[in-house]
2 protein chains.
Amino acid sequence: VRVWPLAGLPEIHPGDDLPAQIAELSGVAGVAAGDVLLVAQKVVSKAERRLVELASVTPSAEALALAEVTGKRPQLVHLILSESRQVLRQRGGTLITETHHGFICANAGIDASNVPAGHVLLLPRDPDASARRIQARVASAVGGRVGVIITDTHGRAFRRGLINVAIGVAGMVPIIDHRGELDREGRVLVATDQAIADELAACAGLYMGKASGVAVVVCSDVATQSAPGGVGELLRKPEHDLFRGGDSPAGIVCG
Amino acid sequence: VRVWPLAGLPEIHPGDDLPAQIAELSGVAGVAAGDVLLVAQKVVSKAERRLVELASVTPSAEALALAEVTGKRPQLVHLILSESRQVLRQRGGTLITETHHGFICANAGIDASNVPAGHVLLLPRDPDASARRIQARVASAVGGRVGVIITDTHGRAFRRGLINVAIGVAGMVPIIDHRGELDREGRVLVATDQAIADELAACAGLYMGKASGVAVVVCSDVATQSAPGGVGELLRKPEHDLFRGGDSPAGIVCG
């Protein structure tokens, strides 16, 4: 597998035709059928006019109250609440919410780095649709199927540090189900769903440091399966999740 | 970045000198100073005699009770409890525990695939030490610093599918702290700890499918920082974790 940055993307502005720009660069750089393009959420959001000037926001009473508790700007808290289904955890200045898309992350994924002063950047409204638009243009430019993954950096429960994950997927299967395959001892495998879209997103994270300026990364020579895609497969349903809801610990302390 | 499987590792048996085998293959295959080796937990555990025959285990009363509830074999439950500090969640046949190392994962990381019938494989006792032993031998063989990461596949809170993560780290910094760097607008970055060891582990997951037989993957042309390593940096302290302990949801449902 080769992981390489797609060079040449200019600074993106609201309304730019990002799919066309990425498709053109892909043709030049030699992106091939079967490759996967990882696209940083930031450029997608910028192109899709998701940059918001904080001074333009009138915070709700709820936002004012939560701003007091968290020490965050009321306008930012208002946007976080607007972008979320619910706030899952609040401690000090930390707000972990479930976005309308179903992502569980800090501050509804709203980011203030690499944007003009006084502005913040919201996640794309429908990152799967963003991925599909890029996918269609790039596939057409290179003459064959590619996979496209929109990525963002998330914190994790239990583990420190941020990791790049998939928030939109097009043109490929996001989770490979190995159940039914035989292991090397000839026994049938169970419980081996491989989150390949997140593995690829994490690879791209090697190039997508916040100060790096790399917004599109290509993975070549990787085996993916053709499919419409969709990030929904990667999101655990609340009723199957043992941690979001405040389930009590099992209460078994071991010897 | 190039991600490539290290070819030629034979089936590993208890007591094998795995560091020497990997070092020899690394020299042959052209592993270079600065590369990172990702080594699947499975071969480390096998070499370190962590294969256990279930019939040799006498389950405790607690294990018998929990086996009844979960439908798992009592001997397996006994081992899961022995390898854990506590059981964090139990639902149906699912047991999420915190291992003695501090990893939060299903079944204390104990695996029954790719091992002889009637046996299971425990995690290495000290995966950082395992990584250091491999690191020292490979560094010596290639004549310069390498990074070594022992990896395992974990499920995640909130997201479906398994992803390869670091459970032991040597020779490199596991989390890169970008705080204090400037973003492209010239403002100081905050909250940008990059879990590079987990990103690299996820890359290796592209080759380490359960049926693939690939146990060692090399990442070349990747920028890491020299350090003793240690997976502890990647583990969030319980008091800083908002999800393990059954914290109540913040109770804010958004409009």
Counting only residues that are surrounded by 22 or more Cβ atoms within 10 Å (Cβ to Cβ) and assigned to a loop (DSSP other than H, G, I, E, B), which one in region A:126-157 is farthest from the other protein chains (Cβ to nearest Cβ)?
-> A:Val146
Reported set for region B:74-89 where residues are part of a strand (DSSP E or B) and in contact (Cβ under 8 Å) with a residue 24 or more places away in the chain is B:Ser84, B:Leu88
Give A:Ile80, A:Ile110, A:Ile96, A:Ile104 a once-over and let me know the one that is β-branched (Val, Ile, Thr), within 25 Å of A:Ala201 (Cβ to Cβ) and in contact with an Asp or Glu (Cβ under 6 Å, 6 or more places away or on another chain).
-> A:Ile104
Identify all residues within region A:190-228 that are within 17 Å of A:Asp128 (Cβ to Cβ) and under 14 Å from the mean Cα position of the chain (by Cα); write none if there are none.
-> A:Ala195, A:Ile196, A:Ala197, A:Asp198, A:Leu200, A:Ala201
For region A:209-230, which residues satisfy the criterion of being modelled with pLDDT of 90 or more and surrounded by 21 or more Cβ atoms within 10 Å (Cβ to Cβ)?
-> A:Ala215, A:Val216, A:Val217, A:Val218, A:Cys219, A:Val222, A:Thr224, A:Gly229
By residue number, the members of region A:95-125 that are among the hydroxyl-bearing types (Ser, Thr, Tyr) and open to solvent by 20 Å² or more (accessible area, probe 1.4 Å) are none
Only one of (1) open to solvent by 30 Å² or more (accessible area, probe 1.4 Å); (2) within 14 Å of chain B (Cβ to nearest Cβ); (3) farther than 19 Å from A:Gly213 by Cα; (4) among the aliphatic types (A, V, I, L, M) does not apply to A:Val1, and that is (1)
Looking at region A:47-65, which of the residues that are free of Cβ contacts under 8 Å to residues at least 24 places away in the same chain and in a loop (DSSP other than H, G, I, E, B) is most open to solvent (accessible area, probe 1.4 Å)?
-> A:Thr58
State yes or no: is B:Gly30 without any contact (Cβ under 8 Å) to a residue 12 or more places away in the chain and away from every other protein chain (no Cβ under 14 Å)?
-> yes
Going by the conditions given, is B:Glu83 in contact with a strand residue (DSSP E or B) (Cβ under 6 Å, 6 or more places away or on another chain) and more than 14 Å from chain A (Cβ to nearest Cβ)?
-> no
Just give me the residues in region B:215-237 being touching a residue at least 40 places away in the same chain (Cβ under 8 Å) and small (Gly, Ala, Ser), in sequence order.
-> B:Ala215, B:Ser220, B:Ser226, B:Ala227, B:Gly229, B:Gly230, B:Gly232
Could you tell me whether any residue of region B:24-46 is basic (Lys, Arg) and within 29 Å of B:Ser212 (Cβ to Cβ)?
-> yes
Exception for A:Glu68 within (1) surrounded by fewer than 16 Cβ atoms within 10 Å (Cβ to Cβ); (2) charged (D, E, K, R); (3) touching a residue at least 24 places away in the same chain (Cβ under 8 Å) falls at (3)
Yes or no: A:Gly213 at negative phi, within 8 Å of chain B (Cβ to nearest Cβ) and in a loop (DSSP other than H, G, I, E, B)?
-> no
Check B:Gly92 against each of (1) at pLDDT 95 or above; (2) surrounded by fewer than 21 Cβ atoms within 10 Å (Cβ to Cβ) and name the one condition it does not meet.
-> (1)
Count, please, the residues in region A:24-46 that happen to be buried (at least 20 other Cβ atoms within 10 Å of the Cβ) and among the small types (Gly, Ala, Ser).
-> 3
Can you spot a residue in region B:59-70 that is closer than 18 Å to B:Lys42 by Cα and at pLDDT 95 or above?
-> no
Give B:Glu233, B:Glu199 a once-over and let me know the one that is closer than 30 Å to A:Thr94 by Cα, open to solvent by less than 30 Å² (accessible area, probe 1.4 Å) and at pLDDT 80 or above.
-> B:Glu199
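The values are calculated or read from the model by the stated rules, or taken from the named source; none is laboratory data. Since this is a predicted model, take the numbers as computed values, not measurements. Reconstructed Cβ throughout: ideal geometry from the backbone, glycine too, with neighbour counts over all protein chains shown. When the accessible area is computed, the model is the full protein with side chains, heavy atoms only, and any ligands, DNA or RNA have been set aside. Shrake-Rupley method; radii C 1.70, N 1.55, O 1.52, S 1.80 Å.
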